[in-house]
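Beneath this line is the structure, given in structure tokens, with notes to follow.
Each reported figure results from applying straightforward, stated rules to the coordinates on display, with no laboratory input. Keep in mind that what you see is a predicted model, and the values were worked out from it rather than measured. Please note: Cβ atoms are built from the backbone with ideal geometry, for glycine as well, and neighbour counts cover all protein chains shown.
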Amino acid sequence: MSRLGERLLDLLYPPKCAFCRKLVSDGRMLCPDCEGRLPAPEKEMQRQKISGLAVCLSPLYYTGDVRQSLHRYKFQGAAAYYRVYAELMSACMKEHGLTADLVTWVPLSRKRLRSRGYDQARLLAEEVARLQGLLCERTLEKIRNNRAQSGTSGVEQRRKNVLGVYRPVTSFTGEHVLLIDDIVTTGSTLGEAAKVLLDAGAGEVSALTLARTDREDRGFRTESNGEIDYADI
Ligand SMILES: [Zn+2]
């Protein structure tokens with residue numbers, strides 16, 4: 001949607017904080033209350049080592065208001081949240097001194113893209129790239145519509161579920177690629193996507209997601225209240 005289109009929508013639906021849904025006055029979808037109290041890992045816990053990746057950075061934990069917010073972003077059409085999410089992600093990159101040659105994203109399958117209408121990781125990647133002054137390119141295609149990662153349990157099963165799911169749509173000559181997704185849980189999806197990019201000639205792959213699961217809460221189980229965990233879908 002164009003910036004003008006977004007402004008018109010703002011008039012019809014005054015912007016609310018993406019996390020607590022209180023009205024915000026300055027158009028920034030993060031209220032001062034949430035700014036100070038979102039569940040954020042300590043700086044060293046924002047970095048994760050995942051097989052295939054130089055580093056994976058995430059500014060927030062996937063819990064509480066962050067989890068509810070991401071659910072609205074992915075399943076209830078709150079696509080405009082990409083702006084505030086990308087702002088937090090870009091700030092995290094800066095804080096950790098991460099740079100890259102180009103930005104890309106973990107794509108949805110065509111089928112899921114059709115039903116959702118937008119690729120939530122692509123919106124984040126394009127905005128992070130814009131904020132960082134980097135190129136953003138599609139580099140991967142999802143060729144197999146695997147089971148949603150939330151429907152699998154256990155690290156090994158999740159790893160197998162994403163094997164061979166992505167194929168490169170471009171080739172590289174040693175670039176450092178920044179791979180964007182909304183959530184990282186076990187890292188199976190990001191690890192598999194990174195492997196495909198490295199095989200296609202990328203020199204190094206780093207990842208940046210809005211949120212990560214806590215160590216004790218890997219997030220691939222069904223919640224006791226019956227709410228499904230949508231991580232990695
Ligand atoms: Zn708020």
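Listed values, structure above:
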{"read-out": "Sorted by Cβ neighbour density within 10 Å, fewest at the top, the residues ILE183, ILE143, ILE50", "value": "ILE143, ILE50, ILE183"}
{"read-out": "Label-point separation in nm, ARG112 to LYS160, each point 7 Å along Cα→Cβ", "value": "2.0 nm"}
{"read-out": "Residues ASN145 and GLN76, FRET efficiency given R0 of 25 Å [Cβ-Cβ distance, rounded to 0.05]", "value": "0.70"}
{"read-out": "Cross-link pairs beyond the 26 Å C-alpha cut-off, checked among LYS16/LYS49; LYS22/LYS142; LYS94/LYS160; LYS49/LYS160; LYS74/LYS160", "value": "LYS16/LYS49; LYS22/LYS142; LYS94/LYS160"}
{"read-out": "Exposure proxy order (Cβ contacts within 10 Å, fewest to most) of MET89, MET45", "value": "MET45, MET89"}
{"read-out": "FRET efficiency for ASP101 and ARG130, using Cβ-Cβ distance with R0 set to 22 Å, rounded to 0.05", "value": "0.90"}
{"read-out": "Viscosity 1.306 mPa s, 10 °C: Kirkwood-radius Stokes-Einstein D of the chain over Cα pairs, µm²/s", "value": "89 µm²/s"}
{"read-out": "Length added when fully stretched, ARG138-ASP26, from 0.36 nm per residue minus Cα-Cα", "value": "37.1 nm"}
{"read-out": "Length released on extending from ASP214 to ASP199, taking residue separation times 0.36 nm less the Cα-Cα span", "value": "2.4 nm"}
{"read-out": "Pairwise label distance in nanometres, LYS43 with THR173, each label 7 Å out on the Cα-Cβ vector", "value": "3.7 nm"}
{"read-out": "For the chain, built as a Gaussian network whose Cα springs stay under 10 Å, the top-fluctuating residue of GLU95, GLU137, GLU204", "value": "GLU95"}
